[in-house]
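The values are calculated or read from the model by the stated rules, or taken from the named source; none is laboratory data. It should be emphasised that the depicted structure is a prediction, and the values quoted were computed from it without experimental measurement. We place every Cβ from the backbone using ideal geometry, glycine too, and count neighbours over all the protein chains shown.
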Amino acid sequence: MRGLIELADGVHQLAVTAGVNCWVLRDEHGVTLIDTGLARKGLIPKLGRLGIAPGDVTRVLLTHAHPDHAGGIAGLIRAGADPTIEVGEDDLPIVRGEQDQPTSDASTWSGRLFNRVPPPGPFGAPVVHPNATALRPGDHLPFAGGIEVVATPGHTPGHLAFHLTAHGLVIGGDVLFNLFSLRPSPAFLCWRIAPNHTSMTRIADLAPRTLALAHGRAVTDDVAGRLRQVAADTA
């Protein structure tokens, strides 16, 4: 199906809106979403194509707190879902509505410019879920055969990746984009560029067979080698 890719048994990637992916994990523990896309209508119809109703979603894990990853939660709840919501501890105050979105790295001209421009449309919508709770690096979750929570800060302070160890799959959020070619998250979108560079190497060290990203195609060939090359090219 267009916009729907099976990455592993019980693990699907959904293109919920143009250029934005999220992931569905389904097993005996229920239905887990990793990210939810923007506050638009794309998520619920795509879940329906997998036979999943909003009320079936029991938990949402967030790679980070940006609205194109957490914005779809509100629509799920309005449609009848009552999921737990978990996010990296350094992004948790944002999701709870206690803190503004982080500014971009002001060491670049593009970051300084981006900090002065209000985000358009749903990208500027607040993400407020006071009952969200913290995930911490090193946490191990029992879903999808076991998930290791990996610290990958830089794009945001609390950005996380999720290592589905049984599948050799890492869900890397926005550490890199793979829209036209594999590149680090654009500098103007990063809270801090240097730790994002380190996060690329940290994912490479996991040696996954597949790296799924929120923007663009999954990487399935020589993942570690390609990440190390990108890191070297952008050092």
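For the stretch 203-219, the condition of being among the charged types (D, E, K, R), over 26 Å from A18 (Cα atoms) and over 15 Å from the mean Cα position of the chain (by Cα) holds for at least one residue. For the structure I just gave you, tell me whether V11 is modelled with pLDDT of 95 or more, surrounded by 23 or more Cβ atoms within 10 Å (Cβ to Cβ) and in contact with a Pro (Cβ under 7 Å, 6 or more places away or on another chain). Judged against the criteria, V11 is not a match.
Would a scan of the stretch 168-180 turn up a residue that is modelled with pLDDT under 95 and over 14 Å from the mean Cα position of the chain (by Cα)? There is at least one residue in the stretch 168-180 that is modelled with pLDDT under 95 and over 14 Å from the mean Cα position of the chain (by Cα).
For the stretch 170-181, filtering for residues that are over 23 Å from A74 (Cβ atoms), crowded, with 24+ Cβ neighbours inside 10 Å and of a type in the set (A, V, I, L, M, F, W, C) leaves 3. The helices (runs of 4 or more DSSP H) found wholly in the stretch 28-128 include none carrying at least 2 residues that are in contact with a strand residue (DSSP E or B) (Cβ under 8 Å, 6 or more places away or on another chain), at pLDDT below 95 and among the small types (G, A, S). Only a single item in (1) modelled with pLDDT under 95; (2) within 13 Å of the chain's Cα centre (by Cα) is not met by A151, and it is number (1). Cβ-Cβ contacts under 7 Å between residues 6 or more apart (or on different chains), taken from a first residue in the stretch 128-153 that is polar (S, T, N, Q) to a second residue that is part of a helix (DSSP H, G or I), are listed as T152/S199; T152/R202; T152/I203.
Take the conditions (1) surrounded by 15 or more Cβ atoms within 10 Å (Cβ to Cβ); (2) over 22 Å from D139 (Cα atoms); G55 misses just one of them, which is (1). All of H155, H140, H163, H69 fail the test of being surrounded by 24 or more Cβ atoms within 10 Å (Cβ to Cβ) and out of contact with any helix residue (DSSP H, G or I) (no Cβ under 8 Å at 6 or more places or on another chain), apart from H69. Pairs are defined by a Cβ separation below 7 Å, a sequence spacing of at least 6 or placement on different chains, a first member in the stretch 194-216 that is under 19 Å from V24 (Cα atoms), and a second member that is basic (K, R); no pair meets this definition.
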